[in-house]
Each structure stands twice: as C-alpha cells, then as structure tokens.
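Down below is the structure, laid out as structure tokens.
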Amino acid sequence: MKEKASLIQDYEARVQQLELNHAALKKNDNRYALVRFLIIASGLALLIGGVSQESNPILFLITFPLTIFFIVIKKHGQIQREINIVQQLLKINRNEIGALRGEKADRANGSNFIDPKHPYSFDLDFFGENSLYQYLNRTATYLGSVNLAKSLLAILPKEKIEENQQSIQEITTDIDLRQRMEAIASVNRDSSES
C-alpha cells in the first residue's frame, strides 16, 4: 500500500494532467463553435443567393453546408461531453486529495438511509455526517448509493464478504477505469425518481 504523501502526489499529478486536457478540449470546443457559426453564415448566404437566382445547383450548395453542419454538431457534442467528464474527473481527484488530507468529504453522507429499527446502523455511525458511508462513498448514481447502503446494512456470510473484498481489490488497482466509470456515471446522473 502506498503512503499517504505518495498518493497525494499521484492525485495532484492527475489533476495537472486533467487541467491540461481540459484546456485543450476547451480550445477545440471554441473552434467547433466558430465552425458552426461559419457554416450557418455560409449556408444563409447561399440560401439568399439561391433564392434570388432560383437555380437547382444552389439547392446542392445549401444541403452540403447543412450536412456538414450536422456532422460538426455531432462532433461538438462529443467534445462537450468529454469536457463534462474531465470536469468530473478533476472533482473526483480533488476530493481524493482532500480526503487524504483529512478534509471534510464532499460526498453524500447517507443520512437518508438511517434506520433506527436496524440492529446496529443507528448506533455505529454508519450514516450521517462523518460516517462510514460518507467515508466509503464513491457512488455517482442513486442505485449505487442504495447498493452501498444495503451492503453496509447486510449481514453477510464470510464467503460473500471475501468475494466482495476480491472484487473491490480488482477495481482498486485500476484507478483510471474506476475514476472514468465514476465520472461518466456523474455526467449521466440518475435520481430516486427514475
């Protein structure tokens, strides 16, 4: 297991790289916005020119920019989605740095899962401010938060606990995959109403 200082350095390096990626994506975003504007302007100019001349070749010249415009919109949407994912990755890494430094977690605390009738969840600070749930919580969806709460409340046999630990160990080593999954889930956030 890495030392805390080494982990902080790793997360800080990730933040620096993500900030560079974010800046490059924003430049592309601005370029695509400009290209979209230019395509609209040229399409309008062709439309105005074509209407005054009533020529069939002008229809081709209008549909061509329109086709290009829709291709550019699709690519621009992909860039904007990637910007959102990178912003979530920045938030995730900054939260991890904060957690390693002992700062208050910027995560749901699970207080909505407190059940005074449960044999131990109410007494052992499983849920609420500075709780085990808040410490462990890396969920980005409603269903994920429910599953985390259920796993904390469940009384499992030793074999199932070991199986869960093995699964967690496998994903723990692949930080890029784990964080990308969390970021994508955050961008596509669900809710309890879904």
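The values are calculated or read from the model by the stated rules, or taken from the named source; none is laboratory data. Here the structure is a predicted model, which means the values were calculated and not measured. Cβ sites come from the backbone with ideal geometry, for glycine too, and all protein chains shown count toward neighbours. Heavy atoms of the whole protein, side chains included, go into the accessibility calculation; ligands, DNA and RNA do not. Shrake-Rupley method; radii C 1.70, N 1.55, O 1.52, S 1.80 Å.
Considering (1) surrounded by 15 or more Cβ atoms within 10 Å (Cβ to Cβ); (2) modelled with pLDDT of 85 or more; (3) under 24 Å from the mean Cα position of the chain (by Cα), the lone condition that residue 81 does not fulfil carries the number (1). Looking only at the range 140-166, filter to residues that are in contact with a Lys or Arg (Cβ under 9 Å, 6 or more places away or on another chain) and free of Cβ contacts under 8 Å to residues at least 40 places away in the same chain; which one of those is farthest from residue 109 (Cα to Cα)? Among those that are in contact with a Lys or Arg (Cβ under 9 Å, 6 or more places away or on another chain) and free of Cβ contacts under 8 Å to residues at least 40 places away in the same chain, it is 154.
Would you confirm whether any residue within the range 141-156 is of a type outside the set (Ser, Thr, Tyr), open to solvent by 80 Å² or more (accessible area, probe 1.4 Å), assigned to a loop (DSSP other than H, G, I, E, B) and under 30 Å from residue 5 (Cβ atoms)? Within the range 141-156, none of the residues are of a type outside the set (Ser, Thr, Tyr), open to solvent by 80 Å² or more (accessible area, probe 1.4 Å), assigned to a loop (DSSP other than H, G, I, E, B) and under 30 Å from residue 5 (Cβ atoms). Does residue 55 satisfy the criteria of being modelled with pLDDT under 95 and loosely packed, with under 13 Cβ neighbours inside 10 Å? Yes, satisfied. Considering (1) part of a helix (DSSP H, G or I); (2) modelled with pLDDT under 90; (3) surrounded by 12 or more Cβ atoms within 10 Å (Cβ to Cβ), the lone condition that residue 190 does not fulfil carries the number (1).
For residues that are modelled with pLDDT under 90 and out of contact with any Phe, Trp or Tyr (no Cβ under 9 Å at 6 or more places or on another chain), scanning just the range 147-160, find the one that is nearest to residue 85 (Cα to Cα). Per the criteria, the residue is 151.
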